[in-house]
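Single-structure report; data block below.
The values are calculated or read from the model by the stated rules, or taken from the named source; none is laboratory data. Note that the structure is a prediction, hence the values are computed from the model and not measured. Cβ placement follows ideal geometry from the backbone for every residue including glycine, while neighbour counts extend to all protein chains displayed. With ligands, DNA and RNA removed, areas are computed over all heavy atoms of the protein, side chains included. Shrake-Rupley method; radii C 1.70, N 1.55, O 1.52, S 1.80 Å.
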Amino acid sequence: MASAFRDKNNAPAFRNRIHNQGSSSLSSAWKFILFLICWFVLNKVVKAVDAELTNEVNNYPNPLYQTNMFNTSVNFRQNVCRFSNEHDNGNHTLAKALKGFAIRAALGCPGIYCQTTEDGQSLDPNLPGLYVVLLDELARRSEFTWRDSFALMGRDTDEKGNKTFGDLLIWTTETYDISIDWWTKTTGRMRAGVDFPEGWYDGGIIMLQRKKEQETSSTFNPFTWVEPFSPWVWFMIVATIVSSGLVYWILEKIDDRSDRRKLDRDPVENIFLAGIAFTTHFEFHPKTKAAMLFTLSISFWALLTASAYTANLASFLVVKNTPGLQVTTLEDAVAYGYKICVWENAAIDKILTADFRTASLIRQPTEYDSLRGVANGDCDIAAVPAGTWKTRRRDEVIGECQLEWIGRKYKEIPAGFATRRDVGTKCTSLIADVIDIHIRDMIEEGFVDEAWENHLTSLFGPPSCPATKGDDENALDDVRLNMKNMGGIFILHFSIMGLVLLLT
């Protein structure tokens, strides 16, 4: 009883205690909610900062895979047989066979297709280049990664003296999973164990020369059509026509049965018939043996004279319109003793050296120098890949404002990325198979052309010179007959028509 009495007397204190306990529980709940909100916001901020830092770091090559050129003491090429087995077992399609694989790539940077920062230590974050764009797209389609596992490899083989680009290709494909550059596909390189996925670069050999000023002439000769014959020949033609018409008129006068028509009235009509006989249009209708013999003679004379005129006219005008020397193939250039600029130790240098022992090759240290050699007049032509001209034609120094493509391609040669041919030890041929599928799709969908155009626009801006022709159209334009050649015959005919109208 006493206890109950005390509880009743202390009821306000009891209620306060209960209230304080409830407030404490609510305060803890609010603290927990605030903690979750702060944790969520902080997590988002950390992820955003981490993404920015990751993007920045990913422009840097991984130092674990960066090594000196031609260093044979290291090897970063991975074993991908596990991925190959998963594909063989049906776990992945070939297009996704490299899913989750961190490919170790050697990029041919710096260069026109792969830009780096000024110190050369990382990819340019604003303009990394065509290689990076293509590799990013391949990674997206194949679902592999490369940004955390790439290395930058230069293209200066002079550091090692006698090393060639073929040696660099073999070393990079033996040391890394894939070599990112426009490697020309040749039989010798394939024999050395290099595997080439579908090429995205046109390595076909073309010739470039200094653009020649078009020779234009405002001189118009309305009597070009008379030039195939000398003046004395024309005089004899006119004399023959007139005399032949008069002779036939005399035959008709002597024997009015010489022709089926009555031609003894007007000698001009006979001269007219003899004149159109010169055009191989025969209108005589002889009946007597004398008239037949005469018409046989004049028709044979007209045939030979008109044929000679036609042939000589065509030959005269075409020869007059054709430039002195036409080079349409590399064989022509070699035969004429042209000095040919080539990139020293590159695939084209090796190909031309093997195919043309007598060629006068002027070897240049870089591809850019081989083009400048033509622009400066050191060489007659430059032999370069068609893909190089596709890129360099917008260059202000060696572009299409100074150079032009002449003749036909010497060979169709694909070029692109390269890997090591290996189907059993490390199975890196799988990489070539996967890349091959996606490169084909990217070409068919127009992605490669679009990426290339964007790359060129970012480097050089839009085209500034008219496009040049890259086939036999140049030669065709040179030999076509224009109105300067043929206008005189039109003037003659229209003048005669006007005279006829005046006489009627």
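Can you tell me which residue within the stretch 254-276, out of those that are open to solvent by 70 Å² or more (accessible area, probe 1.4 Å) and at pLDDT 75 or above, is nearest to F300 (Cα to Cα)?
F272
Considering only the stretch 346-366, how many residues are in a helix (DSSP H, G or I) and open to solvent by less than 30 Å² (accessible area, probe 1.4 Å)? Show your work before the answer.
Quick first cut of the stretch 346-366, residues in a helix (DSSP H, G or I) only: 347-355.
Checking the rest, the ones that are also open to solvent by less than 30 Å² (accessible area, probe 1.4 Å) come to 347-349, 351-352.
So the count comes out to 5.
For the structure I just gave you, tell me whether L325 is open to solvent by less than 30 Å² (accessible area, probe 1.4 Å), over 21 Å from the mean Cα position of the chain (by Cα) and at pLDDT below 90.
On the way: open to solvent by less than 30 Å² (accessible area, probe 1.4 Å): no; over 21 Å from the mean Cα position of the chain (by Cα): yes; at pLDDT below 90: yes.
No: the conditions fail for L325.
Six or more apart or on different chains, Cβ atoms under 8 Å: show the pairs whose first residue is in the stretch 385-401 and open to solvent by less than 10 Å² (accessible area, probe 1.4 Å) and modelled with pLDDT of 85 or more and whose second is β-branched (V, I, T) and assigned to a helix (DSSP H, G or I).
Note: pairs meeting the criteria are P385/I348.
Consider H438 carefully, then state whether it is modelled with pLDDT of 95 or more and either surrounded by 13 or more Cβ atoms within 10 Å (Cβ to Cβ) or over 24 Å from S179 (Cα atoms) (or both). Steps first, answer last, please.
Working: modelled with pLDDT of 95 or more: yes; either surrounded by 13 or more Cβ atoms within 10 Å (Cβ to Cβ) or over 24 Å from S179 (Cα atoms) (or both): yes.
So H438 fits the description; yes.
Go through the stretch 68-93 and give me each residue that's of a type in the set (A, V, I, L, M, F, W, C) and open to solvent by 50 Å² or more (accessible area, probe 1.4 Å). Can you show your working first?
Just the residues of the stretch 68-93 that are of a type in the set (A, V, I, L, M, F, W, C), to begin with: 69-70, 74, 76, 80-81, 83.
Correct list: empty.
Hey, R357 hits all of (1) without any contact (Cβ under 8 Å) to a residue 60 or more places away in the chain; (2) in contact with a strand residue (DSSP E or B) (Cβ under 8 Å, 6 or more places away or on another chain) but one; which does it fall short on?
With respect to (1) without any contact (Cβ under 8 Å) to a residue 60 or more places away in the chain; (2) in contact with a strand residue (DSSP E or B) (Cβ under 8 Å, 6 or more places away or on another chain), R357 is out only on (2).
Report the residue count in the stretch 277-289 for those that are exposed (fewer than 14 other Cβ atoms within 10 Å of the Cβ) and part of a helix (DSSP H, G or I).
Residues meeting the conditions: 1.
Condition first: open to solvent by 20 Å² or more (accessible area, probe 1.4 Å), modelled with pLDDT of 85 or more and over 13 Å from L127 (Cβ atoms). Now tell me which residues in the stretch 443-465 satisfy that.
I443, E444, E445, G446, F447, D449, E450, E453
Could you check the stretch 173-194 and list, in sequence order, the residues that are touching a helix residue (DSSP H, G or I) at 6+ places or on another chain (Cβ under 8 Å) and within 22 Å of V133 (Cα to Cα)? Explain how you work it out, then say what you get.
Taking the stretch 173-194 and keeping what is touching a helix residue (DSSP H, G or I) at 6+ places or on another chain (Cβ under 8 Å), we get 177-184, 186, 188-189, 192-194.
Of everything in the stretch 173-194, those that are touching a helix residue (DSSP H, G or I) at 6+ places or on another chain (Cβ under 8 Å) and within 22 Å of V133 (Cα to Cα) turn out to be D177, I178, S179, I180, D181, W182, W183, T184.
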